Amino acid sequence: MDMVHKPVLANEVIKYLNVKPEGRYVDATYGLGGHSRMILDKLNEHGKVVAFDVSPIAEQHIINDDRLTFIKSNFRYMKNWLDFLGLIPVDGIIADLGVSSPQLDVASQGFTYRTPAPLDLRMDKDLSVTAEDIIRKSSVEQLAEIISQYGELEPAQAIASAIVEARRKQPIVSSADLVSVTRRFARGNPKRFYSRLFQALRIAVNDELNALKDLLEQAEEVLRVGGRLLIITFHSLEDRIVKQFFAKSEKLEELEDSPVLPSHAETRENRRARSAKLRIAEKVKE
Ligand SMILES: C[S@@+](CC[C@H](N)C(=O)[O-])C[C@H]1O[C@@H](n2cnc3c(N)ncnc32)[C@H](O)[C@@H]1O
């Protein structure tokens, strides 16, 4: 495993988080602990990081440091946990959404269409519904809704019908099966088509957009005035949610007019950074 792993937008996160040595920070998406480690480096012995992640991979990379509390939970329960730990208000929150590179690399999780794998897509293995269940049980209308809303793919209805027709003949159980039954829709730009199709299923399986909305609502409550909220998104659906939330919030004020993007140097080194967008808001009112 890559122990010198450099988190996305590392310098920008540290700059905008404005870490106070004795502050309390939340890393909502611990991953391999890249952002947590950078925050810990800025804290004195009184500072704290509370980190959340649902992934078993994250659990295997917990930094051994008394100032870090790792919680294996969806970040949509952040407020309850912070309340339980007596750590409200906090000085800053960072969320670097999506999946980590080792999650993508472990083929058995089926996060990528590139390697044949069971259609799972759960970040949290305690969730009961997998992508295979969704493909097996959903109606044409439900599938079309997932494909158009979460994948922004068209013709969603026709793609959904093709899936339902194919599953009558043979169960669709692996990423390779799904790739094969939808191939005729992928002609123009297969890479874009399949990444969006898998993105759509992943969002549905993990209820990702609602979890993000929950996080934003709770962040607004648990931050202290002057505290900062940083969200790194990787696709337009998430970025739109963050942008709109900041725009309508009476307690948060967005700090830059447009999202902060990685430098050319970073995108050259790290493919994943290419679609990253960082939005920052400061709590201005209780
Ligand atoms: C892009 S990685 C974070 C990488 C991390 N910033 C680092 O530097 O190592 C995203 C992580 O967030 C986790 N994650 C995504 N959605 C989550 C949620 N709703 N609740 C908790 N963890 C989540 C994933 O399991 C994954 O490990």
Practice task
Can you run down the residue pairs with Cβ atoms below 7 Å, 6 or more apart or on separate chains, where the first is in region 273-286 and in the same structural domain as residue 90 (by TED's automatic domain parsing) and the partner is among the basic types (Lys, Arg) and open to solvent by less than 10 Å² (accessible area, probe 1.4 Å)?
Solution key: none
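Listed here are the residues, each with its yes/no results for (1) surrounded by 18 or more Cβ atoms within 10 Å (Cβ to Cβ); (2) under 30 Å from residue 23 (Cβ atoms); (3) touching a residue at least 40 places away in the same chain (Cβ under 8 Å).
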{"residue": "153", "(1), (2), (3)": "yes, no, yes"}
{"residue": "172", "(1), (2), (3)": "yes, no, yes"}
{"residue": "190", "(1), (2), (3)": "no, no, no"}
{"residue": "210", "(1), (2), (3)": "no, yes, yes"}
Completion exercise
Among residues of region 188-244 being over 13 Å from the mean Cα position of the chain (by Cα) and of a type in the set (Ser, Thr, Tyr), the residue nearest to the ligand (Cβ to nearest atom) is 195
Handout entry: So residue 62, is it at pLDDT 95 or above, surrounded by fewer than 18 Cβ atoms within 10 Å (Cβ to Cβ) and more than 9 Å from the ligand (Cβ to nearest atom)
Key = yes
Handout entry: Sole residue being surrounded by 21 or more Cβ atoms within 10 Å (Cβ to Cβ) and more than 24 Å from residue 80 (Cβ to Cβ), chosen from 231, 280
Key = 280
Completion exercise
When every residue in region 5-14 that is β-branched (Val, Ile, Thr) and in a helix (DSSP H, G or I) is compared, the one farthest from the ligand (Cβ to nearest atom) is 14
Exercise for the section: Confirm whether residue 128 is over 30 Å from residue 284 (Cβ atoms), among the polar types (S, T, N, Q), without any contact (Cβ under 8 Å) to a residue 12 or more places away in the chain and surrounded by fewer than 21 Cβ atoms within 10 Å (Cβ to Cβ). Expected result: yes
Completion exercise
Apart from one, (1) in the same structural domain as residue 57 (by TED's automatic domain parsing); (2) on the phi < 0 side of the Ramachandran plot all hold for residue 169; the odd one out is (1)
Exercise for the section: Kindly indicate which of 104, 97, 121 is within 16 Å of the ligand (Cβ to nearest atom) and at positive phi. Expected result: 121
Handout entry: region 15-55, subset out of contact with any Phe, Trp or Tyr (no Cβ under 9 Å at 6 or more places or on another chain), within 9 Å of the ligand (Cβ to nearest atom) and more than 14 Å from residue 230 (Cβ to Cβ), residue most open to solvent (accessible area, probe 1.4 Å)
Key = 37
Exercise for the section: Tell me, please, whether a residue that is touching a strand residue (DSSP E or B) at 6+ places or on another chain (Cβ under 9 Å), open to solvent by less than 20 Å² (accessible area, probe 1.4 Å) and touching a residue at least 60 places away in the same chain (Cβ under 8 Å) can be found in region 244-254. Expected result: no
Exercise for the section: Looking only at region 177-197, count how many residues are part of a helix (DSSP H, G or I) and under 13 Å from residue 163 (Cα atoms). Expected result: 9
Completion exercise
When (1) farther than 29 Å from residue 259 by Cα; (2) in contact (Cβ under 8 Å) with a residue 60 or more places away in the chain are applied to residue 59, the one that fails is (2)
Handout entry: Some residue of region 257-271 being farther than 30 Å from residue 173 by Cβ, touching a residue at least 12 places away in the same chain (Cβ under 8 Å) and crowded, with 20+ Cβ neighbours inside 10 Å
Key = yes
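The values are calculated or read from the model by the stated rules, or taken from the named source; none is laboratory data. The model shown is predicted, which means the values in this text are computed figures rather than measured ones. With ideal geometry, Cβ positions are generated from the backbone for all residues, glycine too; neighbour counts draw on all protein chains shown. Surface areas here come from the heavy atoms of the whole protein model, side chains and all, with no ligands, DNA or RNA. Shrake-Rupley method; radii C 1.70, N 1.55, O 1.52, S 1.80 Å.
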